[in-house]
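The values are calculated or read from the model by the stated rules, or taken from the named source; none is laboratory data. Note that the structure is predicted; figures quoted are calculated from it, not measured. Cβ placement follows ideal geometry from the backbone for every residue including glycine, while neighbour counts extend to all protein chains displayed.
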Amino acid sequence: MNSPVLEADSPALVLEERISHRPLALAISDITGIALLTPLVLIVHGYHPFADDAGIYVAGIRKMLDPSLFTVDSSFVTAHTRFSLFSHFSAEIIRLLHIPLEIYLFCAYLLSIFVFLLAGFRLSKRIFKDTQLQWGATLLSGALFTLPVAATALWVMDPYVTARSFSTPFSLFAMAACIGRNWKSVILWSAATALLHPLMAAYLAAFLVTYVLISRKQWRLLAIACLIVFAASGAVYFATRHALLPTGYKEAALSRTYFFLSFWRWYEVLGLAAPLLLMGIAVWRSRNIVVRDICLSCIATGITASAIVACFVHRNGSFFLARIQPLRIFQLIYIVGILLLGALLAEHFRARRAVPGTILLLSISMLMMFAQERIYSSSAHVEWPFAAPRNSWQQAFLWIRKNTPRDAVFALDANYTKVRSEDTQGFRATAGRSALVDDLKDGGVVAIFPDLAPRWKSQRDLELGLDHLSDPERITRLRPAGVTWILLGAGAETQFHCPYRNQTAMVCKLP
């Protein structure tokens, strides 16, 4: 790739180093362009405010807004709020502005898209002086907004609002400041990331330290740092591998297949190796010193994280290292790779090649839109605020919110989120009612917070096969747990009073 930065020993390098450390000013036209790109990203990648991890965070916001909600399941709803200010901060904004939760979530999602694109553009300005390369990087990051990060259960950015919606762009701002040696901004953006998502902030810190050592050619210190991290991980593994686990915790942890490389398919492992290999090629071929340094940082952190997981995260281990999910550092690696690839494509599709370049970008965007529509096949691609939900499970959840007592306690089949038509829409987030645990999202909470495991297992076992039990069995199982309502699949047999039914679900009162 032809780059404005020349060989490492040339006089031009000194000039480039001085330029790259100056404060960056964004033109009004840049901000306007990103603002116009924001709704296009929304249309391409969709919006699902109560799905997947959003169900956890939105339930937390509801709890912050109304402490009387979720009284019997508050430990699962508020587990993440002990370490992240996202739900607290969101609730305060809603109170201050007196706006509905749905409007806040939609506006926050649009803002997160804008800030992500802005952060990517700012980082690309630190790496490249050519405006066309900067915009090529930014456009590709918008087109690949929801690209899966190997098999880590992460996307580059989520099609809904979580703490990562802002901790991720804040991390990019910190990286741009680090390249520019603006240490006050590095501290500010890193602190903001930590307040929202401490785990991702830890991986950001590891990446920044690695970049600083590489940019200063401190190869020995870098090697020592990587070895220390690897050795410390080994020490943690051997010190905790025989530790007693709470009842049910191993079952919950093993259900998170993305924790363990042994569960990954070969092409998912390739999702870790391929970006590092491509960055190795970039280090060899690029004359841009910043590109080389940031690629070497990705390679060093990616290999170290992969080695830790391969050696010390096992199905029969202590699961302590599994809980901190070292492979999640690949989210930053993927974003950096997308920005560099976008710049490379912009370099290649200059001038007379602009038309095929535009066609390629549109093709990538259409492919990503198709993928998102397949993932949320039973829901509207963009779930606009206050629009009637297309998903029949959400229709039932919404009826529950409007027609059942606020202190109602629900039971659902523990695997309800795994039904294809359910689209992992969160019950608590939509219905605003207490529920016994589910296998997917509450199981994920337990995998991070082991102290909840015994309660999770006992409740989860009560709900297994709920649709196929007889009514007396349902009463015997659920009444002692305080359940007052149940949500059954439409094909379940029951004589209970069910005031709401649709093609997939029915809401019934426990006698």
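Residue count for segment 188-217 under the criterion of being out of contact with any helix residue (DSSP H, G or I) (no Cβ under 7 Å at 6 or more places or on another chain) and closer than 24 Å to residue 155 by Cβ: the result is 3.
Kindly indicate whether residue 449 is touching a strand residue (DSSP E or B) at 6+ places or on another chain (Cβ under 7 Å), buried (at least 16 other Cβ atoms within 10 Å of the Cβ), under 23 Å from residue 158 (Cβ atoms) and among the aromatic types (Phe, Trp, Tyr).
Values: touching a strand residue (DSSP E or B) at 6+ places or on another chain (Cβ under 7 Å): no; buried (at least 16 other Cβ atoms within 10 Å of the Cβ): yes; under 23 Å from residue 158 (Cβ atoms): yes; among the aromatic types (Phe, Trp, Tyr): yes.
Criteria not met by residue 449.
Restricting to segment 98-131, what's the tally of residues that are of a type in the set (Val, Ile, Thr) and touching a residue at least 40 places away in the same chain (Cβ under 8 Å)? So that I can check it myself, show each step before the final result.
Step one: filter segment 98-131 for residues of a type in the set (Val, Ile, Thr), giving 99, 103, 113, 115, 127, 131.
After this cut, where a residue has to be touching a residue at least 40 places away in the same chain (Cβ under 8 Å) as well, the list is 103, 113, 115, 127.
The qualifying residues number 4.
Among the residues of segment 197-204, not a single one is over 25 Å from residue 312 (Cα atoms) and touching a residue at least 12 places away in the same chain (Cβ under 8 Å). Considering segment 373-394, the residues that are among the charged types (D, E, K, R) and out of contact with any Gly (no Cβ under 9 Å at 6 or more places or on another chain) include one that is surrounded by the most Cβ atoms within 10 Å (Cβ to Cβ), namely 390.
Is it the case that some residue within segment 103-120 is surrounded by fewer than 19 Cβ atoms within 10 Å (Cβ to Cβ) and more than 20 Å from the chain's Cα centre (by Cα)? Scanning segment 103-120 turns up at least one residue that is surrounded by fewer than 19 Cβ atoms within 10 Å (Cβ to Cβ) and more than 20 Å from the chain's Cα centre (by Cα). Inspect segment 353-374 for any residue being within 29 Å of residue 76 (Cα to Cα) and either at pLDDT below 95 or out of contact with any Leu (no Cβ under 9 Å at 6 or more places or on another chain) (or both) and give the result as yes or no. Yes: segment 353-374 contains one or more residues that are within 29 Å of residue 76 (Cα to Cα) and either at pLDDT below 95 or out of contact with any Leu (no Cβ under 9 Å at 6 or more places or on another chain) (or both).
Each row is one residue, and each column tells you yes or no for (1) among the polar types (S, T, N, Q); (2) under 23 Å from residue 155 (Cα atoms); (3) touching a residue at least 24 places away in the same chain (Cβ under 8 Å).
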{"residue": "284", "(1), (2), (3)": "no, no, no"}
{"residue": "293", "(1), (2), (3)": "no, no, yes"}
{"residue": "296", "(1), (2), (3)": "no, yes, yes"}
{"residue": "305", "(1), (2), (3)": "no, yes, yes"}
{"residue": "310", "(1), (2), (3)": "no, yes, yes"}
{"residue": "330", "(1), (2), (3)": "no, yes, yes"}
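Pick from segment 419-461 the residues that are outside any loop (DSSP other than H, G, I, E, B) and among the hydroxyl-bearing types (Ser, Thr, Tyr): which of them is modelled with the lowest pLDDT?
Taking segment 419-461 first, the residues outside any loop (DSSP other than H, G, I, E, B) are 420-422, 425, 427-431, 434-435, 441-448, 450-461.
Still in the list and also among the hydroxyl-bearing types (Ser, Thr, Tyr): 421, 430, 434, 458.
Working: 421: 89, 430: 97, 434: 96, 458: 94.
The selected residue is 421.
From the list 332, 327, 341, the one residue that fits, being surrounded by fewer than 22 Cβ atoms within 10 Å (Cβ to Cβ), under 21 Å from residue 141 (Cα atoms) and not polar (S, T, N, Q), is 341. Within segment 385-403, is there a residue that is in a loop (DSSP other than H, G, I, E, B) and under 22 Å from residue 463 (Cβ atoms)? Yes, segment 385-403 contains at least one residue that is in a loop (DSSP other than H, G, I, E, B) and under 22 Å from residue 463 (Cβ atoms). Listed by position, the helices (runs of 4 or more DSSP H) inside segment 213-315 whose residues that are modelled with pLDDT of 95 or more and not β-branched (Val, Ile, Thr) number at least 1 are 219-240, 266-285, 289-312. Only strands (runs of 3 or more DSSP E) whose full extent lies in segment 462-511 are considered here, and the ones with at least 1 residues that are closer than 22 Å to residue 71 by Cα and either in the same structural domain as residue 425 (by TED's automatic domain parsing) or not aliphatic (A, V, I, L, M) (or both) are 485-489, 505-509.
A single entry from 431, 453, 447, 411 fulfils the requirement of being closer than 26 Å to residue 497 by Cα, touching a residue at least 24 places away in the same chain (Cβ under 8 Å) and either under 25 Å from the mean Cα position of the chain (by Cα) or not assigned by TED's automatic domain parsing to the domain that holds residue 485 (or both): 431.
Assess whether residue 6 counts as being hydrophobic (A, V, I, L, M, F, W, C), farther than 24 Å from residue 455 by Cα, modelled with pLDDT under 95 and touching a helix residue (DSSP H, G or I) at 6+ places or on another chain (Cβ under 7 Å).
On the way: hydrophobic (A, V, I, L, M, F, W, C): yes; farther than 24 Å from residue 455 by Cα: yes; modelled with pLDDT under 95: yes; touching a helix residue (DSSP H, G or I) at 6+ places or on another chain (Cβ under 7 Å): yes.
Yes; evaluated as a whole, the condition is true for this residue.
Entry remark, segment 452-470: residues being closer than 26 Å to residue 392 by Cβ and surrounded by 15 or more Cβ atoms within 10 Å (Cβ to Cβ) number 7 in total.
Of the set (1) buried (at least 23 other Cβ atoms within 10 Å of the Cβ); (2) basic (Lys, Arg); (3) out of contact with any Leu (no Cβ under 9 Å at 6 or more places or on another chain), all apply to residue 441 but (1). When each of 44, 14, 72, 58 is tested for being modelled with pLDDT under 95 and not in a loop (DSSP other than H, G, I, E, B), the lone residue that passes is 14.
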